[in-house]
């Protein structure tokens with residue numbers, strides 16, 4: 001089965017352009033990523049990063065719980 | 001808004017936690033056993049099942065897939081339900097996943113000591129178990145996605161992205177690397193050969209580290225570190241960038257395991273560039289982890305759970321700094337094949353995976369048993385013993401690595417190699433002993449944890465179904481102004497899965513293109529011929545005994561290696577090797593040209609050496625293979641093996657499978673005759689004859705069209 005794929009891949013002319021294309025795709029992907037991350041809404045970011053701490057409260061509750069529930073007491 | 005009541009399934013979390021602890025102790029114990037075998041080779045190599053070559057894969061598989069694997073699932077099932085505010089979609093699937101995974105582990109624990117192995121590192125399990133792994137993995141993924149789809153929290157927290165990426169990528173890796181042709185019920189040949197096989201294997205091997213030991217654990221870090229510290233992750237934005245960068249770049253880095261090998265140069269360079277770049281996303285994760293604790297370092301001083309986590313994240317940082325360095329050619333020339341690699345992986349394994357697992361266990365067990373940890377003092381003792389254990393393990397191994405490499409490379413003033421290989425082995429014994437001590441310390445720490453958790457469990461009671469409530473998910477989503485596309489992705493699990501798949505496939509395909517094209521990159525060597533049936537059977541015994549765990553078959557183009565082993569290895573020499581046997585560690589010498597030039601020994605030498613290595617090479621740490629003298633070679637498989645090789649494209653003449661056993665008998669009796677001349681009265685139908693035939697064949701092919709070519713030591 002694989003040998004058929006293999007032969008096809010070998011016969012593609014100019015396959016060397018593939019790595020270049022993928023590199024460009026991801027270069028622009030990352031630039032886009034940086035750009036959007038920079039533009040992110042601060043309040044929403046805060047809400048998102050509090051998700052693990054908010055699990056007993058509503059998702060939109062920014063005032064997450066403090067030490068009492070999420071932390072073991074010290075011996 | 002109406003609150004819906006539901007319950008979290010804690011029983012599955014507990015089961016995976018117990019399995020993590022059990023297999024962790026087993027895996028470490030086997031590791032300690034293997035380590036001590038290098039110190040006391042005569043006593044501890046209980047043949048044949050507990051010989052080093054058979055239990056080293058047992059150790060790696062147990063630690064990676066049983067200890068860390070169960071650790072991943074423990075963390076998944078706990079955090080996934082809570083982050084999504086729902087119970088797992090199906091308790092039955094959760095249970096099938098749990099028991100299926102444990103059965104696979106048991107199957108591995110039985111088959112590996114029996115010598116049933118593919119010899120592809122961290123993928124040694126044979127084809128029926130490979131199929132079982134694929135099935136159970138799909139069940140696990142199915143359950144995870146069904147849970148995500150019925151969630152009550154719209155956004156997928158960063159930990160879940162790592163879980164999704166892990167699921168997708170491990171599936172792809174496992175399937176591609178497990179392409180193999182079954183020969184018998186428990187024996188298969190890799191679909192790929194030689195260079196191609198090596199490239200696929202290390203694409204897999206490296207990404208098993210990336211997507212089994214790293215991404216799921218980063219997911220766990222993003223959940224459990226904030227929980228334990230009770231503060232949100234340092235930067236959510238950083239986590240977005242570092243997630244995409246990590247999964248994109250990791251998948252390319254495999255060829256750094258094959259530097260200076262017979263892999264085409266341009267593929268090596270590709271691997272180096274991406275391996276080096278990896279430092280950025282890796283450190284992004286480490287920084288995000290450590291800075292989560294900013295302003296809370298006073299807590300770290302007091303809280304043993306945070307201590308475990310801080311050491312884990314620090315070890316992650318060290319290992320991911322070292323990794324890119326090791327992939328630079330100049331450093332790799334020194335580190336590769338030595339104990340440096342062993343030190344490197346154990347900083348990751350003991351430090352990052354081990355310590356994070358312990359931290360999570362200490363945090364999670366009291367939670368689901370509604371109690372306090374039995375003893376913080378004991379946990380503290382565990383922390384310090386484990387940390388010391390890591391130091392006692394890693395430092396001697398780094399030292400051994402440097403020493404080994406420099407001894408291998410040293411020449412006298414007259415241009416001779418200064419040290420015979422054996423001397424570089426005996427010199428390392430004290431380092432091996434110290435390393436074993438470090439491993440033993442680490443295990444003692446883990447046993448303290450077993451006791452501590454046992455007492456904790458005894459004093460509490462499992463909350464099997466934990467009550468929770470959350471508002472139902474609104475059917476229509478109100479988009480915020482200025483919302484960006486990544487937030488869209490965070491809400492949509494399926495597009496997210498597809499996006500991750502595309503990202504890893506791009507790297508994967510580009511990585512695979514060299515694999516497909518490699519055929520045109522491998523200059524065929526006319527004199528390289530398929531193995532004779534006896535050599536093929538001998539090779540399969542070589543695979544079965546895990547000889548590759550200590551002996552490489554890859555001579556790099558350095559003067560210190562060509563002087564010692566002969567002409568450097570050519571890609572074209574391996575075209576019939578299903579699977580390849582290049583190895584990754586030289587605890588013993590390279591065997592690529594064991595049958596050629598000045599390396600060649602007599603059949604009698606091999607017989608006596610396999611029977612009792614220490615009698616021939618004083619101070620050798622190789623186990624005895626005397627059982628090969630008693631074992632009768634199973635020739636009933638020869639026909640099937642030749643047929644399989646023909647299917648894979650090895651040019652045996654048509655109908656050769658019917659003549660193979662006749663040729664096998666002739667060659668075997670020739671070898672037996674030379675042994676008889678030296679008064680060794682062994683019948684020609686024994687396994688040792690086949691192994692000798694294989695060893696005598698190694699590296700001889702290219703000598704045939706060269707007159708001298710090699711000067712060996």
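The values are calculated or read from the model by the stated rules, or taken from the named source; none is laboratory data. The structure presented is a predicted model; accordingly, all values stated were derived computationally and were not measured. Positions of Cβ are backbone-derived with ideal geometry, glycine not excepted, and every protein chain shown enters the neighbour counts.
Answer yes if at least one residue in the stretch B:242-264 is outside any helix (DSSP H, G or I) and within 12 Å of chain A (Cβ to nearest Cβ), and no otherwise.
Taking the stretch B:242-264 and keeping what is outside any helix (DSSP H, G or I), we get B:251-253, B:259-264.
Filter again for within 12 Å of chain A (Cβ to nearest Cβ), leaving B:251-252.
Among the residues of the stretch B:242-264, at least one is outside any helix (DSSP H, G or I) and within 12 Å of chain A (Cβ to nearest Cβ), which makes the answer yes.
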- prompt: Looking only at the stretch B:442-469, which residues are farther than 18 Å from residue B:21 by Cβ and either assigned to a helix (DSSP H, G or I) or touching a strand residue (DSSP E or B) at 6+ places or on another chain (Cβ under 7 Å) (or both)?
  reply: B:465, B:466, B:467, B:468, B:469
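Select, from B:223, B:163, the only residue that is within 10 Å of chain A (Cβ to nearest Cβ), farther than 30 Å from residue B:645 by Cβ, over 16 Å from the mean Cα position of the chain (by Cα) and assigned to a helix (DSSP H, G or I). Spell out how you get there, then give the answer.
Values: B:163 fails: within 10 Å of chain A (Cβ to nearest Cβ).
Unique residue meeting the criteria: B:223.
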- line: Here the residues within the stretch B:516-552 that are modelled with pLDDT under 95 and surrounded by 22 or more Cβ atoms within 10 Å (Cβ to Cβ) are B:518
message: Return the residues of the stretch B:676-691 that are assigned to a helix (DSSP H, G or I) and closer than 20 Å to residue B:542 by Cα; say none if nothing qualifies.
response: B:687, B:688, B:689, B:690, B:691
task: Of all residues in the stretch B:674-699, count the ones that are within 22 Å of residue B:597 (Cβ to Cβ) and surrounded by 17 or more Cβ atoms within 10 Å (Cβ to Cβ).
output: 9
query: Just to be sure, is residue B:153 within 14 Å of another protein chain (Cβ to nearest Cβ), over 16 Å from the mean Cα position of the chain (by Cα) and under 30 Å from residue B:50 (Cα atoms)?
result: no
query: Quick check, is residue B:198 farther than 17 Å from residue B:70 by Cα, out of contact with any strand residue (DSSP E or B) (no Cβ under 8 Å at 6 or more places or on another chain), buried (at least 24 other Cβ atoms within 10 Å of the Cβ) and at pLDDT below 95?
result: yes
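Here's the yes/no breakdown for (1) surrounded by fewer than 19 Cβ atoms within 10 Å (Cβ to Cβ); (2) touching a residue at least 24 places away in the same chain (Cβ under 8 Å); (3) within 14 Å of chain A (Cβ to nearest Cβ); (4) within 17 Å of residue B:57 (Cα to Cα):
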| site | (1), (2), (3), (4) |
| --- | --- |
| B:118 | no, yes, no, yes |
| B:143 | no, yes, no, no |
| B:158 | no, yes, yes, no |
| B:168 | no, yes, no, no |
| B:171 | yes, yes, no, no |
- line: Taking the stretch B:301-315 and keeping only residues that are in contact (Cβ under 8 Å) with a residue 60 or more places away in the chain and not in a loop (DSSP other than H, G, I, E, B), one is left with B:304, B:305, B:306, B:307, B:308, B:309, B:311, B:312, B:313, B:315
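What are the residues in the stretch B:290-299 that are buried (at least 16 other Cβ atoms within 10 Å of the Cβ), assigned to a helix (DSSP H, G or I) and within 13 Å of chain A (Cβ to nearest Cβ), if any? Outline the logic, then answer.
Kept after step one, since they are buried (at least 16 other Cβ atoms within 10 Å of the Cβ), are these residues of the stretch B:290-299: B:290, B:292-293, B:299.
Filter once more, keeping what is assigned to a helix (DSSP H, G or I): B:290, B:299.
The answer is B:299, and nothing else.
Which of the residues belonging to the stretch B:183-207 are in contact (Cβ under 8 Å) with a residue 60 or more places away in the chain and over 19 Å from residue B:259 (Cα atoms)?
Filtering the stretch B:183-207 down to residues in contact (Cβ under 8 Å) with a residue 60 or more places away in the chain leaves B:183-184, B:186-201, B:203-205.
Matches in the stretch B:183-207: B:183, B:184, B:186, B:187, B:188, B:189, B:190, B:191, B:192.
Tell me yes or no: at least one residue of the stretch B:645-652 is touching a helix residue (DSSP H, G or I) at 6+ places or on another chain (Cβ under 6 Å), crowded, with 16+ Cβ neighbours inside 10 Å and in a helix (DSSP H, G or I).
Within the stretch B:645-652, the subset touching a helix residue (DSSP H, G or I) at 6+ places or on another chain (Cβ under 6 Å) is B:652.
Checking which are crowded, with 16+ Cβ neighbours inside 10 Å leaves us with B:652.
After this cut, where a residue has to be in a helix (DSSP H, G or I) as well, the list is none.
No, that holds for no residue.
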query: Given the conditions (1) surrounded by 24 or more Cβ atoms within 10 Å (Cβ to Cβ); (2) touching a residue at least 60 places away in the same chain (Cβ under 8 Å), which single one is not true for residue B:55?
result: (2)
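Taking the condition over 23 Å from the mean Cα position of the chain (by Cα) and closer than 29 Å to residue B:322 by Cβ, does residue B:469 pass?
On the way: over 23 Å from the mean Cα position of the chain (by Cα): yes; closer than 29 Å to residue B:322 by Cβ: no.
It is false that residue B:469 is over 23 Å from the mean Cα position of the chain (by Cα) and closer than 29 Å to residue B:322 by Cβ.
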